[in-house]
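Just below is one structure, and these are the notes that go with it.
The values are calculated or read from the model by the stated rules, or taken from the named source; none is laboratory data. Just so it is clear, the model here is predicted, and its values are computed rather than measured. Neighbour counts are summed over all protein chains in view; Cβ atoms, including those assigned to glycine, are modelled from backbone coordinates with ideal geometry. Accessible surface is based on the protein model in full, side chains and every heavy atom, while ligands, DNA and RNA are left aside. Shrake-Rupley method; radii C 1.70, N 1.55, O 1.52, S 1.80 Å.
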Amino acid sequence: MVEIAYPYLRPDGDAVVAGPWLATLDGEPCVIDNHQIEHFDYSASLRMERHVSVDFARAADEIGIAPDSLQFLCIVTQGTGNQRIPRGQQIVARQVLDAEHPSASLEIAVHGHDVSRSLNLATELVLFSAGSTTGRLSPKHRGARLWKDSVRISVDPAGMRFPMETVSFAEAFSEGHRDAQWFLDWSPQHLDQEFMSSVRLYLNEDRPEFVEAVQNEEDIVLRMLICSVAGQMIRSAITLDHFPPDHAISTPGSTGSVIEAWINQAFPGQSVGSVRTLAENDPARFHLSIGSLFHGELDAE
Amino acid sequence: MPNDVRLMPRLDEIGVRRLLGSPDLLREGTMAERLAAAASSITHAASGGSRASQDDLQTLLDGLTALAVQHGFPNRGGATDRAAFDAACGAWLGEGGILHGAEAMRDDVWACVACCIAPGIVLWRFEDGHPDRFRGGVRNTFQRLWLRARAVDRGEDHEDRWGLLRALSEDAFVQITERPGIGADSNIARALAEAWVVSSARVGSNRMEPITRRAARMIRRDNEITCLGALGEQERLARVQGFFERAEKA
């Protein structure tokens, strides 16, 4: 997660009250359970609405702009595509807010044939007009991002999990490996690519007892599996010249960024260099830290 | 977007590997033979449209082949011909005959196009046959062209709708489509492309590679704090052109 240092003042989150998204699927009220919508396909018609209101006096004071000259643009950006990074996005709702009209009722229509795998909705307040009375650190440029909240809704629940599938290793690998339990398909040379599309864990369907244990989410099996997977990826990545990724050009959902997040979680406060030294000099403690990383759930979050 | 969505075949990574391990099948086999060889790795969406028929897939192959033949496929064609094929094919895919919308956003759909439907064109367009040109993603031979078309489409009513596909260099497109923060938002991508054309005319296309990379980094950083998509078209273009001017002087 990259922290952004904004070069201007932004309102405290308490100045904005955003209600929940309310959904209607094919004309019927729809529950978005655990960020998922079931029974959604290309023929679906989804309507989403929410209410956003701003305490203008407070927001204006916090960013040093006279409330009567301050205008926000409230926008909703709809994204879709891969799980983490939208492959396509566009602004689908916009409404100007000012002191006399401090609330927005946002309503959007989502067509199923425009949504692939996930629906990302970002609600934002950006500066529309600051007037002439502004403080030294006040936002001045139109479009300055001032507040944001976003939700990612999976319409392909299987895709939310660590990307994996079952295959027969006897058929897939002509050179043998029929007794292996799993195979992680990834390349350390492609850390810039999206994790969800460039990493895949294959389970050997010729070992049905193992596949069943994973599918039943047996905690010990899952923990050992994911720790082995993370260990393999971290161990490889820390030896590479192009790791950790350059945050100026990398993307949050890239394989490199996911591995870096695992490292930060397993080895808090340590540089990649010190983690590499630990892996070389004390591999037992290196793997002990990775073993403490997950809580039994195979999720790429 | 038609109501009758074609559900395209999706090829998983094991299927990609299996076909890449059969070069004769890629070069000499028929589409039907490749689809049969990869059958256990092919799936379709369970609902939401009708499955693409063999005729649909053949129409897709015929369209791609006709464009490739115009540019030298299967035995001729230099770098210029292949670049021209990219522009023409991108426009054709962008107009969305069979493959469009949410299906076109899926990597596994494009993996099937490259591995099962038209691998011969992949091997003509990229003679080294790198696996990334077959598997789904921003480097897939056909998916990258569809992504480009979607990013720089000037709109159906524009008199030169696909002019930017012809104007930009390969490197410029890489800077757009391989940076999701830019390529995903067609308003930003199109502004970058339009600014690239202006800058290229000013400094010469042979100098554009480092300038484009610097400008793309600036645009991406600026978009973190400024919602470029929310600006008016002229305001956004002026802002992006400003980054190119700064990049030219750096």
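General remarks:
- A:S228 open to solvent by 30 Å² or more (accessible area, probe 1.4 Å), in a helix (DSSP H, G or I) and over 25 Å from B:L11 (Cα atoms): yes
- When B:A193 is tested against the conditions (1) open to solvent by less than 20 Å² (accessible area, probe 1.4 Å); (2) more than 23 Å from A:V92 (Cα to Cα); (3) away from chain A (no Cβ under 12 Å), the lone failure is (2).
- For segment B:231-238, the count of residues that are more than 30 Å from A:Y8 (Cα to Cα) and either among the acidic types (D, E) or more than 9 Å from chain A (Cβ to nearest Cβ) (or both) is zero.
- Matching residues, segment B:91-116, being open to solvent by 10 Å² or more (accessible area, probe 1.4 Å) and among the aromatic types (F, W, Y): B:W92
- Condition check for B:C115: touching a strand residue (DSSP E or B) at 6+ places or on another chain (Cβ under 7 Å), touching a residue at least 12 places away in the same chain (Cβ under 8 Å) and not in a loop (DSSP other than H, G, I, E, B): yes
- Segment B:20-68, residues that are modelled with pLDDT of 85 or more, within 14 Å of chain A (Cβ to nearest Cβ) and touching a Phe, Trp or Tyr at 6+ places or on another chain (Cβ under 7 Å): B:L20
- Flag for B:R202 being more than 10 Å from chain A (Cβ to nearest Cβ), in a helix (DSSP H, G or I) and of a type outside the set (G, A, S): yes
- Once segment A:245-281 is narrowed to residues that are closer than 30 Å to A:E218 by Cα and outside any helix (DSSP H, G or I), the residue that is modelled with the lowest pLDDT is A:P252.
- Residue count for segment A:199-214, restricted to those that are assigned to a helix (DSSP H, G or I) and open to solvent by 60 Å² or more (accessible area, probe 1.4 Å): 3
- Condition met for A:Y6 (part of a loop (DSSP other than H, G, I, E, B), surrounded by fewer than 16 Cβ atoms within 10 Å (Cβ to Cβ) and within 11 Å of chain B (Cβ to nearest Cβ)): yes
- Looking across segment B:1-16, the residues that are over 22 Å from the mean Cα position of the chain (by Cα) and either open to solvent by 70 Å² or more (accessible area, probe 1.4 Å) or more than 13 Å from chain A (Cβ to nearest Cβ) (or both) come down to B:N3, B:D4.
- Residues of segment B:210-250 that turn out to be closer than 18 Å to A:I75 by Cβ and part of a helix (DSSP H, G or I), as a count: 11
- The number of residues in segment A:9-52 being surrounded by 14 or more Cβ atoms within 10 Å (Cβ to Cβ) and under 20 Å from the mean Cα position of the chain (by Cα) comes to 4.
- Tally, over segment A:182-198, of residues that are without any contact (Cβ under 8 Å) to a residue 60 or more places away in the chain and crowded, with 19+ Cβ neighbours inside 10 Å: 1
- Qualifying residue in segment A:161-178 (condition: more than 30 Å from B:G21 (Cβ to Cβ) and assigned to a loop (DSSP other than H, G, I, E, B)): no
- Candidates in segment A:121-139 are the residues that are of a type in the set (A, V, I, L, M, F, W, C) and part of a loop (DSSP other than H, G, I, E, B); of these, the one that is farthest from A:A23 (Cα to Cα) is A:L137.
- Taking the numbered list (1) part of a helix (DSSP H, G or I); (2) at the interface with chain B (Cβ under 9 Å from one of its Cβ atoms); (3) of a type outside the set (V, I, T) in turn, A:M196 passes all entries but (2).
- Positions within segment A:118-176 being buried (at least 17 other Cβ atoms within 10 Å of the Cβ), of a type outside the set (S, T, N, Q), over 28 Å from the mean Cα position of the chain (by Cα) and more than 12 Å from chain B (Cβ to nearest Cβ), in sequence order: A:A130
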